[in-house]
Amino acid sequence: MRALFAYLVRAAWLAILMLIVGVTQVRPAAAFPGPVAYVGVTMSAAPDPVSPGSTISYYIDIANGGPFGAVGVVLLTQIPQHTTFVSWRDASRSPRAIHVTTPSVGGTGAVVVIIDQLAYPSTCGTCGEVVSFEIVVVVDADAPVPSTISNTAVVTTASVDPEPRDNTCTVTTQVSDPAPVSP
């Protein structure tokens, strides 16, 4: 257990370092020990379009397509430009003990989520486990109109992931003037 904790601390520091230097995708080294697990991330945003002063909800899913459980899974996403952090929540059907770091409310920076294990197969017995998160941001009142807000989520794992192309997902949201109110 102590070794796993030490590994997770190193993984968190690696995620923070990746954030600082701007790395958005990591390819596992061929000699890296660990089980094989096809881990991927998807993300959507709502609403689209959005007006300045409104909120955007980002829905992020991390899935394990097997054939083994994934260990040391790390999700990293930045709070997008022209927005500030409002909230984060675990939207999974069965919430688990995870380690999460977020900016303070009204702040900017990174959201880092560390999941010790992502099972395969899951409790449904036929598919890999999926964990879901929701991040809410508010668009700055002075955000340019029209403009585009872009957000990228990156997931890495200590397991060997033979298909890293699905480890990064980017979504965009259009910023536009609010709809006129009819009298």
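With a Förster radius of 22 Å applied to the beta-carbon distance between residue 97 and residue 170, the computed FRET efficiency rounds to 0.15. Expressed as a whole percent, the proportion of Cα-Cα pairs in the stretch 35-77 lying more than 14 Å apart is 57%.
For the stretch 43-155, pairs of C-alpha atoms spaced more than 26 angstrom apart make up 25 percent of the total. The stretch between residue 134 and residue 87, if pulled fully straight at 0.36 nm per residue, gains 16.1 nm over its current Cα-Cα span. Take the Cα of residue 68, step 7 Å toward its Cβ, do the same at residue 142, and the gap between the two points is 5.3 nm.
Karplus-derived 3J(HN,Hα) values for the stretch 64-78, using 6.51 cos²θ - 1.76 cosθ + 1.60 with θ = phi - 60°, are 10, x, x, x, 10, x, 9, 10, x, 7, 10, 9, 9, 8, 8 Hz; glycine and proline are entered as x.
FYI, it's all coordinate maths here, none of it is from the lab. Keep in mind the model is a prediction, meaning the values are calculated, not measured. Cβ: placed from backbone, ideal geometry, glycine included. Neighbour counts: every protein chain shown.
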